Amino acid sequence: MGKRGADDAKFRLETRLALAGRDLARNEGAVNPPVQRATTLQQPMADDLYDPGKKTYGLEGMAVQEALREALRAVEGGAGATLAPSGLSACTLALLTVAEAGGEILVTDSVYRPTRKFCEQTLKRFGVATRYYDPRAGAAIGDIITERTRAIFLESPGSLTFEIQDVPAIAAAAQARNVATIIDSTWSAGVYFQPLVHGIDLSVQALTKYQSGHADAFMGAVLARTPQWHERVQAMYGQLGLNASPDDAYLVLRGMRTLALRLQHQGHAAVRLARWLEERSEVARVLHPALPSHPDHALWARDFSGASGVFAFVLKPQPPERVAAMLEHLRIFAMGFSWGGYESLIVPCGPQIVRSVIPWEAEGPLLRVSLGLESVEDLIDDLTQGFARLRS
């Protein structure tokens, strides 16, 4: 790897992101890895075809996928990273790695809805039960772990409603009962919170979001805390025949070079916007864990080193047609799913919220925002005009 190696860990994040995956020998001197679109890999010797130490098929990934995996580990650590075609496929890959017929998985009640759907439909068909738990359970989760429990699936902050979980307490309770833990940690991009350091076994990232950063590539990853867990994920990955496109891997890796800078801008802008929203008469409450008003702010301050650009706020009761008029005529904020790109988005979330343990109750409509790279002053002006339409 040129003049670098394990010592890269001593560098700060921005430097690690600039250096990760840049192998002069592998890349023939280029700072970026080649995009190799390959299925068949020719072998010079017959014995090489069945040598477990040799790469024998393009499905395993080539130079650009290897570089991306190295970059992910440079951010989040762990024993290995496995790429997946999307964020959801990374969630389902992790779940299938731990699932056993006749067993059950404990899932946070605030989980991403497509993950919930996979648990309730696909896993159920294969004899795997799902039980939901209060995202604020913390160490009390130990009281609901049973002999059938095979894993706990966390998401912190919670999807849409932004509950912060006591991850170290949940990981400790799981380890005491030999139960695996998985977390969807996409909100922090592995930068502001490092699950593997806190004892989580598998950390899921939707690379479609912040790592890509440009709304143009689907990809996900599962990072494993130990070599044993990495081997298990890799085995399931191979059995499912998954593949990460070299072109998408290149786009995600390119996005990661600027990840730290974009997150810093988007995180600071989001906090500023959240504080502004707290002062608006149209807003009932703001759901941003970096705000002292958030019920889990103390946990966030203890475990996270920063905040990303995604949060939500609840409007005071409003007729649906006024909310629609507010949203449909914004000039900068666009309505669209996903987040983490360069563009600012706003989405009404009511139809997406599903709860099994703690009912979701709100004063009015819930809106989720994802801040892009625009000027926060312009974004505030855009919402100011939107609120004027809301009142008219």
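The values are calculated or read from the model by the stated rules, or taken from the named source; none is laboratory data. Fair warning: this is a prediction, and the values are worked out from it, not measured in the lab. In this analysis, Cβ positions are derived from the backbone assuming ideal geometry, glycine residues included, and neighbour counts consider all displayed protein chains.
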(message) Could you check the range 350-392 and list, in sequence order, the residues that are touching a strand residue (DSSP E or B) at 6+ places or on another chain (Cβ under 6 Å) and of a type in the set (V, I, T)?
(response) V357, V369
(message) Just to be sure I understand the filter: pairs with C-beta atoms under 7 Å, separated by 6 or more residues or on different chains, first member in the range 264-292 and within 17 Å of L315 (Cα to Cα), second member aromatic (F, W, Y) and part of a helix (DSSP H, G or I). Which pairs pass?
(response) R280/F387; E282/F387
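Just to verify a result, which residue in the range 212-239, among those that are among the small types (G, A, S) and touching a helix residue (DSSP H, G or I) at 6+ places or on another chain (Cβ under 6 Å), is nearest to A180 (Cα to Cα)? Steps first, please.
Applying the first criterion (among the small types (G, A, S)) to the range 212-239 yields 212-213, 215, 217, 220-221, 224, 235, 238.
Narrowing the set further to residues that are touching a helix residue (DSSP H, G or I) at 6+ places or on another chain (Cβ under 6 Å) leaves 212-213, 217, 220-221, 224.
Details: S212: 28, G213: 30, A217: 30, G220: 20, A221: 18, A224: 11 Å.
The residue in question is A224.
This table checks each residue for (1) within 24 Å of S188 (Cα to Cα); (2) at pLDDT below 85; (3) assigned to a loop (DSSP other than H, G, I, E, B).
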| residue | (1), (2), (3) |
| --- | --- |
| K3 | no, yes, yes |
| A9 | yes, yes, no |
| P33 | no, no, yes |
| A38 | no, no, yes |
| L59 | no, yes, no |
| E66 | yes, no, no |
| R73 | yes, no, no |
(message) Quick test of your reading of the structure: E231 fulfils all but one of (1) surrounded by fewer than 23 Cβ atoms within 10 Å (Cβ to Cβ); (2) in the same structural domain as P85 (by TED's automatic domain parsing); (3) within 22 Å of L366 (Cβ to Cβ). Name the failing condition by number.
(response) (3)
(request) Could you list, in sequence order, all residues of the range 347-365 that are touching a residue at least 24 places away in the same chain (Cβ under 8 Å) and in contact with a Leu (Cβ under 7 Å, 6 or more places away or on another chain)? (result) P348, C349, Q352, I353, G364, P365
(request) Considering (1) surrounded by 16 or more Cβ atoms within 10 Å (Cβ to Cβ); (2) under 21 Å from the mean Cα position of the chain (by Cα); (3) farther than 23 Å from Y57 by Cα, say which one T226 fails and leave the rest. (result) (1)
(message) Residue under question is G341, and the condition is that it be in contact with a His (Cβ under 9 Å, 6 or more places away or on another chain), in contact (Cβ under 8 Å) with a residue 60 or more places away in the chain and not charged (D, E, K, R); does it hold?
(response) yes
(message) Can you confirm whether V323 is touching a Lys or Arg at 6+ places or on another chain (Cβ under 7 Å) and not hydroxyl-bearing (S, T, Y)?
(response) no
(request) Name every residue in the range 295-319 that is under 20 Å from L383 (Cβ atoms) and in contact (Cβ under 8 Å) with a residue 40 or more places away in the chain, in order of residue number. (result) A307, S308, G309, V310, F311, A312, F313, V314, L315, K316, P317, Q318
(message) Can you pull out every residue in the range 10-59 that is among the aliphatic types (A, V, I, L, M) and touching a residue at least 12 places away in the same chain (Cβ under 8 Å)?
(response) L13, L17, A18, L19, A20, L24, A25, V35, A38, L41, L59
